[in-house]
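Readers should treat all values here as calculations from the given coordinates under stated rules, not as data from a laboratory. All values derive from a computational prediction rather than experimental measurement. Here Cβ is always computed from backbone atoms with ideal geometry, including for glycine, and neighbour counts include all displayed protein chains.
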Amino acid sequence: MVLSIGSTSKARRKSTANAYKGLLNRLPFEDQVTASTHEEVARKLRRITTQGAYNHHLVALKVFFNWCIKRRYRTDNPALGLSKFARPKKKRILSDDELKAIWQAYDKCGTFGAIVKLLILTGQRRNEIAALEHSYVKGDLLCLPPELTKNGRAHVLPICSVDKEQLVCAQIEHLFFTSLSDTGQEYAILRLVEIQKELRQSERCH
């Protein structure tokens, strides 16, 4: 079956709904929605090799089948009873030297490099920065609208001259940046892997 969140997009942020759709459409269900069983859902999820991806797919499935129940396509949620992996909270933060290494490495990573630098400077989420529009910048303030933020509330933060230098306009309609697939993301990730290796080698030397 082709899975879709459908009208839940109205109740959720567009980016969240799109993320759910992407996750659901990666699961190779072939039967009708009404024919999916708990065992089938569990079997499909067991094929996912990483705990983080498993958790994300499980959440998307529970949301989708709850939507089916509300629309009376089903009377039960076959994903209920399946638990997410407990993942330890991340306590480590990047050191000043690590941030410096990343900043310098992303000098030659094009638009995606500018996005990463703005993430460092502003502390915002990747999708929030990647979706920036010219209208969001008002003088020395960056005004993120409710539909863009995770908590659904408008968010205003000051920006400095360094921030503005990173807002390299791609001249693509009303956006600062093109889609993430066109930003040099693949090259930037490879550079990050190289940085990680260099930092590990440096730690061993000390």
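Just checking, which of A131, A101 is small (G, A, S) and within 25 Å of T16 (Cβ to Cβ)?
Numbers: A101 fails: within 25 Å of T16 (Cβ to Cβ).
Among A131, A101, only A131 is small (G, A, S) and within 25 Å of T16 (Cβ to Cβ).
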Item to check | A53 vs. criteria more than 15 Å from L23 (Cβ to Cβ) and either of a type outside the set (D, E) or part of a helix (DSSP H, G or I) (or both) | outcome: no
Next on the checklist: Cβ-Cβ under 8 Å, sequence separation 6+ or interchain: first residue in region 47-60 and farther than 12 Å from S83 by Cα, partner of a type outside the set (F, W, Y). Which pairs?
Outcome noted: I48/H57; G52/R87; A60/A19; A60/L23; A60/L24
Checklist outcome for this item: Per the filter on region 67-83, residues part of a helix (DSSP H, G or I) and either touching a Pro at 6+ places or on another chain (Cβ under 8 Å) or without any contact (Cβ under 8 Å) to a residue 24 or more places away in the chain (or both) are I69, K70
Checklist outcome for this item: Checked against (1) closer than 20 Å to S161 by Cα; (2) more than 22 Å from the chain's Cα centre (by Cα), D97 satisfies every condition except (1)
